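Below you'll find the structure, written out as structure tokens, and then a few comments.
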Amino acid sequence: MSDGPPASEAARAPEGERTEERVVPEGASPDRLDRAVARLFGVSRGKAMEWIAEGRVRVDGRRAPKGSQVAGGSRLSVRVPPSDAPVAQPELPIRIVHADEHVVVADKPAGMPSHPLKARETGTAANALVGRFPELARVGPAPREGGLVHRLDTDTSGLLLAARTDAAHAALRAQFAARTVEKGYLALVAGELQAGGEIAVPLAHDPQDPRRVRAASDPDWAEAHGARPALTRFEPRERRRGFTLVDVEIATGVMHQIRAHLAFIGHPLAGDELYGGPRLTGLSRHFLHAARLRFAHPAGGRAHFESALPPDLARILETL
């Protein structure tokens, strides 16, 4: 009698799950189950062991431990979980600024999330990029991210960087961790800033509002709430009728970092109601654009890309 999953278990299988079967070639030398699954199903050994531990693997209809020996003629079946890779959507509007064999640089429009937060979610930059560069779905430790090595808030427009190979992904992520990637933004803030400066205040999730982060200037509060180090530099570019267009650079990449830091010093972004920013007629999002990106290219040399203000933000400036 088979000890396969009961009908009720099959009925509860997540949407998109499927069963695949392979037969170990006749005459093959006996091998460990985890190695055989990895070889026959084209996955890493770690993934094969994960499937075995989750009870997804059967040998001739029966479960077996990862170290059990399988011989030629054995029938292996796997209940393959739904793919975490983004659904390919080449039709989504995203501008490709640069692409080579190692990296892709894209210009994300406002209103588009960087990548899905759950399987089968659509409409993100990762969906758009995988639609154009399918190999991105296989790059990096998190397939859902589509090769992206950093993120932008949904309503922040501008430059996003993705890696086309695992080696490039590892090299770029190492640069982000070492804070050697230069990320420049254009922001319109409330008030007329007269001088630039630096904000080195840790940020923590706001215990009173899960949508926000809070600047943690008190060391004890910061430690108690797990605040992360964050460094933001800013320089005023031009002042217009009670607002200032600011060049911003961040060495770190904490959630909402620019928005929270500039609000902390009393100059929230125009349109950023979550952080107390003023409304402007015709502005339907916060005024923040990822305009510059500079990094060490995996093939050598220093790469530098720029993105001009998109039309919706340029129009706002013209009205001031």
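The values are calculated or read from the model by the stated rules, or taken from the named source; none is laboratory data. Source: prediction; values computed, not measured. Please note: Cβ atoms are built from the backbone with ideal geometry, for glycine as well, and neighbour counts cover all protein chains shown. Heads up: the accessible areas ignore ligands, DNA and RNA and are worked out on the full protein's heavy atoms, side chains in. Shrake-Rupley method; radii C 1.70, N 1.55, O 1.52, S 1.80 Å.
What number of residues in the range 252-290 are closer than 23 Å to Pro229 by Cα and either in a helix (DSSP H, G or I) or in contact (Cβ under 8 Å) with a residue 24 or more places away in the chain (or both)?
So the count comes out to 23.
Name the single residue, out of those in the range 67-87 being under 16 Å from the mean Cα position of the chain (by Cα) and buried (at least 17 other Cβ atoms within 10 Å of the Cβ), that is farthest from Gly300 (Cα to Cα).
Val87
Could you check how many residues of the range 240-253 are open to solvent by 60 Å² or more (accessible area, probe 1.4 Å) and touching a Leu at 6+ places or on another chain (Cβ under 7 Å)?
Counting residues in the range 240-253 that are open to solvent by 60 Å² or more (accessible area, probe 1.4 Å) and touching a Leu at 6+ places or on another chain (Cβ under 7 Å) gives 2.
Give the residues of the range 100-126 that are under 12 Å from the mean Cα position of the chain (by Cα) and of a type in the set (Val, Ile, Thr), sorted by residue number.
Of everything in the range 100-126, just one residue is under 12 Å from the mean Cα position of the chain (by Cα) and of a type in the set (Val, Ile, Thr), namely Thr124.
May I ask you to list the residues in the range 53-66 that are surrounded by 13 or more Cβ atoms within 10 Å (Cβ to Cβ) and in a strand (DSSP E or B)?
Scanning the range 53-66 gives Val57, Arg58, Val59.
Would you mind listing the strands (runs of 3 or more DSSP E) fully within the range 119-226 where at least 2 residues are open to solvent by 10 Å² or more (accessible area, probe 1.4 Å)?
Output list reads 182-190, 197-199, 213-215.
Please find, among Asp247, Asp272, the residue that is more than 26 Å from Gln175 (Cβ to Cβ) and among the acidic types (Asp, Glu).
When all the criteria are applied, what remains is Asp272.
As an exercise: evaluate Val97 against (1) β-branched (Val, Ile, Thr); (2) modelled with pLDDT of 95 or more; (3) open to solvent by less than 10 Å² (accessible area, probe 1.4 Å) and give the number of the one condition it does not meet.
(3)
When you look at Val87, is it part of a loop (DSSP other than H, G, I, E, B), touching a helix residue (DSSP H, G or I) at 6+ places or on another chain (Cβ under 8 Å) and either at pLDDT 90 or above or under 23 Å from Arg144 (Cβ atoms) (or both), yes or no?
yes
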